[in-house]
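Here's a structure for you.
Derivation of every value follows stated rules applied to the coordinates shown; laboratory data play no part. The structure displayed is predicted, hence computed values, not measured ones. Cβ sites come from the backbone with ideal geometry, for glycine too, and all protein chains shown count toward neighbours.
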Amino acid sequence: MFKAVLSEAAEHDIRIDRISQGSGIMMLTDTEIREMVRLGAEHHIEVNLFLGPRGGWDIGAQAATTGSAAGVARGSQAVEACVAEAGRAVGLGIRSLLVADLGVLSVLGELKAAGELPAELALKTSVLLPLPNASTGAVYERLGATSLNASTDLTTAQLAQLRTACTAALDVYVEVPDDQGGFVRYYDVPEIVREAAPVHLKLGVRNAPNLYPCGRHLLALATDLGRERVRRAALMLRLLTELAPELAERPDPVTPPADLAVPAP
């Protein structure tokens, strides 16, 4: 799927700065993670992997009735498992983790501060960890978050409030998956960039099934959706260039640090 995304990006002549894999670390083999690390380093793309386990896949009933519990770590054992997943990913070369539980974020932030996880490790909050206001964003940053996924229904004025209170890059969905609201906000992009930069503009695909956890049985559909996200990004960038050409220029990609070399098998 990663290679398909790269192929589609080359076809549309657009640059991708980050990819997130939602099935996550526990659903990937060591070989698959190493290959993602290799591709990310080669193409200057941050590879961001979801931590598990998570509430939406667990035996608890709350996540079945409210999406707000889908990313939680239920019980101390689940927190320990997420920390173990983080250690495994870091050992394989990953330097960006997707975190959906507040307690897990706190523990990982403490481990980074203690030097037990790399200082350059990115901790990105998930859309499953609601971020509806600036005060909450400030809390996430104090706990160690380095990239913040804003709640999908914030106005541009509310995103500006987040930017005022937080220094971390914001993640803002331009097209939102159905289970997070299904909004399509392409014409808001110029104002989002003005108010929220530095910002990652995220493209879900509306009217698409939730594939997580993914696998070979869903490979064709997952690949098509990956390609479509890139096509959607091309549409977004074309509109941004038309409406606000001064905002469409981006700096050159940052060269990954030397320790992102692919570890030996």
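Which value, in nm² and rounded to one decimal, describes the direction-averaged projected area of the C-alpha convex hull of the stretch 2-93?
6.9
Mind checking Rg over Rh on the stretch 42-129, alpha carbons, Kirkwood formula for Rh?
We get a ratio of 0.99 for the stretch 42-129.
Can you run phi through the Karplus equation (6.51, -1.76, 1.60; θ = phi - 60°) for the stretch 147-152 and list ³J(HN,Hα) in whole Hz, with x for Gly and Pro?
Per residue, the Karplus-derived 3J(HN,Hα) values read 8, 10, 8, 5, 4, 6 Hz.
A further question on this structure: Using a cut-off of under 20 Å, list every residue of the stretch 27-66 whose amide N is near the label point 7 Å from the Cα of residue 219 along the Cα-to-beta-carbon line.
Within reach of a label on residue 219: 27-40.
Turning to a different aspect of this structure: With springs only between Cα atoms under 10 Å, which of 108, 243, 131 fluctuates most in a Gaussian network model of the chain?
Per the Cα network of the chain with a 10 Å cutoff, 243 tops the list.
Let me ask another. Over the Cα atoms of the chain, compute the convex hull volume and normalise it per residue, giving Å³.
It is 128 Å³ per residue.
Taking H placed 1.01 Å from N in the peptide plane, check which residues at least 5 places from residue 96 or on another chain put their amide H under 5 Å from its amide H.
When sequence neighbours closer than 5 places are left aside, the close amide H contacts are 49, 122.
Per the helix-only calculation at 222 nm, which mean residue ellipticity applies to the chain, given -39500 (n - 2.57) for every DSSP H run of n ≥ 4 and division by its residues, nearest 500 deg cm²/dmol?
Rounded to the nearest 500, it is -13000 deg cm²/dmol.
Another question about this same structure. Below 12 angstrom from the Cβ of residue 243, what's the summed charge of the other residues (Lys, Arg +1; Asp, Glu -1)?
-2
Using θ = phi - 60° and the Karplus relation 6.51 cos²θ - 1.76 cosθ + 1.60, list the HN-Hα couplings for the stretch 197-205 in order, rounded to whole Hz, with x at every Gly or Pro.
4, x, 9, 9, 8, 10, 10, x, 10
Report the local net charge at residue 69: Lys and Arg +1, Asp and Glu -1, summed over other residues whose C-beta lies under 15 Å from its C-beta.
Here the charged neighbours net out to -1.
What number comes out for the charge environment of residue 28, summing +1 per Lys or Arg and -1 per Asp or Glu over other residues with Cβ under 13 Å away?
Values: positive: 34, 88, 216; negative: 30, 32, 35, 85.
Net charge around residue 28: -1.
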